[in-house]
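Worksheet for the structure shown next.
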Amino acid sequence: MSNVIYITGERSETALEDALAKAEKGDRIVYHQGQHCCGLHRRAASRAEAEKRCFLFCKRAGPGFFEYIAVKR
């Protein structure tokens, strides 16, 4: 069973990288919550996806509110 790791409150610029390093294949890392994808971890998530270390998803969490998720490959 996969784990869910929340880094939305983390202020470290390496939080996503650190979470990916500790995560198992299939673990989900929630890196932002809100109406639009923005925030400190957005670029790191995009870079990790381009390097094929994760898949990026968006999940509706309420009206006009989304969770932005990186799933470790």
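Within the option set Lys25, Lys59, Lys72, Lys52, being at positive phi and basic (Lys, Arg) holds for one residue only, Lys52.
The set of residues in region 10-46 being closer than 27 Å to Pro63 by Cβ, under 12 Å from the mean Cα position of the chain (by Cα) and loosely packed, with under 13 Cβ neighbours inside 10 Å consists of Cys38 alone. Is there any pair with a first residue in region 40-51 that is under 18 Å from Tyr6 (Cα atoms) and of a type outside the set (Gly, Ala, Ser) and a second that is part of a helix (DSSP H, G or I) and at pLDDT 95 or above whose Cβ atoms are under 8 Å apart and which are 6 or more apart or on different chains, and what are they? Going by the 8 Å Cβ cut-off, the qualifying pairs are Leu40/Ala15; His41/Ala15; His41/Leu16.
The values are calculated or read from the model by the stated rules, or taken from the named source; none is laboratory data. Predicted, not measured: the structure shown is a model, and the values here were computed from it. Neighbour counts are summed over all protein chains in view; Cβ atoms, including those assigned to glycine, are modelled from backbone coordinates with ideal geometry.
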